[in-house]
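Participant: Questions regarding the structure given below will be posed in turn.
The values are calculated or read from the model by the stated rules, or taken from the named source; none is laboratory data. Keep in mind it's a predicted model, so treat the numbers as computed, not measured. Every residue, glycine among them, receives a Cβ derived from its backbone with ideal geometry; neighbour counts consider all protein chains shown.
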Amino acid sequence: MARQPSENARERSRSLERAVRGLVATDAKQRARAGRDGSHLVGRPLAVVRPVDADDVVDLVRWARRSRVPLVPRGGGTSLDGESVPADGAVVVDLSGWNALLEVDPVARWARVGPGIVNRELTRALRPQGLFFPPNPGSWTQSTIGGNLGTNASGMRSFRYGPTRAWVAEVEAVLGTGARVRLGSRVAKRSLGPDLLQLFIGSEGTLGIATEVTVRLARLPAVREGVIVPLPRTARLGEVVMRLSGLPASGLSAVEYLDEGCARALAERRRAPWPRASSLLLLEVEAEGSDDARR
């Protein structure tokens, strides 16, 4: 049975509605949806706010400071660790609607985006220009760039490209004080003292709320193929991977390991042709051009 909001909670909600211009949702259905993520943990937020712009975020943060109410930024809600699950009585800041691709520089290879843009949608938008954003978490069809930023998400391609922090150039954010800041820079060479951008990346919303993100981009490879490698039980996994990655022009971009039980279950589910009594390495290999592809 759902809890009825107390009079104090109702007054806070009314105060919140007066403080911001964006939508403030307090109905049970929307609060329940925003109270959970992919982890199946559950919180009971006071409300869900969808700010209209960065100034609205500033007003929201200042209200939260006055009211001593915690804020929890939320994008796709795909986390398996509960990062976007609010504490009881918190306000969820829903940024999923901030999903615009604002600007692309194909020469300097960067894109300026809203924090709510989904990885897959960004990939689709960049493909005609022969570019892509390399971090590919397993939830990339639903996860947002803001969520990637907050958790320093990686994915299988981090083997070659590294995690999100290697691909963020600049962030505009509202800090917990209500101050608007710009962290980092699009330029390739800079010396600005302490690197506060790197501190912000992976901070999971504890230092502020990102309102705009400029990400670095890579050229799409000319060829990208998957390779399945059955492993004998005597194989030394670390040694195999190190030797593969050390091969000249290997182009190895992603590595995933499946033990024998997982490989067998996947083979049965997908009717796959690989040996069922063997663990597997799942590899992705890229080539940049025709000469590389021939090798």
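Participant: Whether any residue in segment 253-269 is assigned to a loop (DSSP other than H, G, I, E, B), outside the structural domain of F159 (by TED's automatic domain parsing) and either at pLDDT below 85 or under 25 Å from the mean Cα position of the chain (by Cα) (or both) is what I want to check.
Facilitator: No: zero hits.
Participant: Okay, moving on. Given the structure, is V215 within 24 Å of the chain's Cα centre (by Cα), assigned by TED's automatic domain parsing to the domain that holds I145 and within 30 Å of L122 (Cβ to Cβ)?
Facilitator: yes
Participant: Give segment 197-217 a look and list any residue that's among the aliphatic types (A, V, I, L, M) and surrounded by 16 or more Cβ atoms within 10 Å (Cβ to Cβ), or say none.
Facilitator: Of everything in segment 197-217, those that are among the aliphatic types (A, V, I, L, M) and surrounded by 16 or more Cβ atoms within 10 Å (Cβ to Cβ) turn out to be L197, I201, L207, I209, A210, V213, V215, L217.
Participant: Still on this structure: So which residues in segment 59-106 are assigned to a strand (DSSP E or B) and either charged (D, E, K, R) or out of contact with any Leu (no Cβ under 9 Å at 6 or more places or on another chain) (or both), if there are any at all?
Facilitator: Across segment 59-106, the qualifying residues are V72, R74, D94, L102, E103, D105.
Residues checked against (1) polar (S, T, N, Q); (2) over 21 Å from G146 (Cβ atoms):
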| position | (1), (2) |
| --- | --- |
| A9 | no, yes |
| E17 | no, yes |
| L41 | no, no |
| A47 | no, no |
| A54 | no, no |
| V57 | no, no |
| A64 | no, no |
| S67 | yes, yes |
| P70 | no, no |
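Participant: Starting from segment 169-189, keep only residues that are more than 21 Å from D105 (Cα to Cα), then list their pairs with residues that are surrounded by 13 or more Cβ atoms within 10 Å (Cβ to Cβ) and among the aromatic types (F, W, Y) whose Cβ atoms are within a distance under 8 Å, requiring at least 6 positions of separation or different chains.
Facilitator: Correct list of pairs: A173/F200.
Participant: Collect the residues in segment 31-44 that are in a helix (DSSP H, G or I) and crowded, with 18+ Cβ neighbours inside 10 Å, keeping them in residue-number order.
Facilitator: Passing the criteria: R31, A34.
Participant: Somewhere in segment 233-241, is a residue among the charged types (D, E, K, R) and touching a strand residue (DSSP E or B) at 6+ places or on another chain (Cβ under 8 Å)?
Facilitator: Within segment 233-241 (the criterion being among the charged types (D, E, K, R) and touching a strand residue (DSSP E or B) at 6+ places or on another chain (Cβ under 8 Å)), the answer is yes, since at least one residue qualifies.
Participant: Among what's in segment 205-231 and is part of a loop (DSSP other than H, G, I, E, B) and in contact with a strand residue (DSSP E or B) (Cβ under 9 Å, 6 or more places away or on another chain), pick the residue that is nearest to L102 (Cα to Cα).
Facilitator: L217
Participant: If you go through segment 224-243 one residue at a time, do you hit one that is within 30 Å of A54 (Cα to Cα) and surrounded by 15 or more Cβ atoms within 10 Å (Cβ to Cβ)?
Facilitator: Taking every residue of segment 224-243 in turn, none turns out to be within 30 Å of A54 (Cα to Cα) and surrounded by 15 or more Cβ atoms within 10 Å (Cβ to Cβ).
Participant: In this structure, does D81 turn out to be under 23 Å from Q142 (Cα atoms) and not assigned by TED's automatic domain parsing to the domain that holds T144?
Facilitator: Judged against the criteria, D81 is a match.
Participant: Further, regarding this structure: When you check V181 against the structure, is it farther than 19 Å from T144 by Cα, of a type in the set (V, I, T) and in the same structural domain as G147 (by TED's automatic domain parsing), yes or no?
Facilitator: Judged against the criteria, V181 is a match.
Participant: Scan segment 151-160 and give yes if some residue there is outside the structural domain of A54 (by TED's automatic domain parsing), in contact with a strand residue (DSSP E or B) (Cβ under 7 Å, 6 or more places away or on another chain), farther than 23 Å from E83 by Cα and of a type outside the set (F, W, Y), otherwise no.
Facilitator: Within segment 151-160, one or more residues are outside the structural domain of A54 (by TED's automatic domain parsing), in contact with a strand residue (DSSP E or B) (Cβ under 7 Å, 6 or more places away or on another chain), farther than 23 Å from E83 by Cα and of a type outside the set (F, W, Y).
Participant: Could you identify the single residue in A179, A188, A166 that is small (G, A, S) and under 30 Å from A64 (Cα atoms)?
Facilitator: Checking each option against the conditions leaves just A179.
Table: residues versus (1) hydrophobic (A, V, I, L, M, F, W, C); (2) more than 11 Å from the chain's Cα centre (by Cα).
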{"position": "I145", "(1), (2)": "yes, no"}
{"position": "G155", "(1), (2)": "no, no"}
{"position": "G176", "(1), (2)": "no, yes"}
{"position": "P194", "(1), (2)": "no, yes"}
{"position": "G205", "(1), (2)": "no, yes"}
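Participant: Then there's this: Is it true that A64 is in contact with a strand residue (DSSP E or B) (Cβ under 6 Å, 6 or more places away or on another chain) and either buried (at least 16 other Cβ atoms within 10 Å of the Cβ) or not assigned by TED's automatic domain parsing to the domain that holds L126 (or both)?
Facilitator: yes
Participant: Hey, another quick one. In segment 70-100, how many residues are on the phi > 0 side of the Ramachandran plot and under 12 Å from the mean Cα position of the chain (by Cα)?
Facilitator: The total comes to 1.
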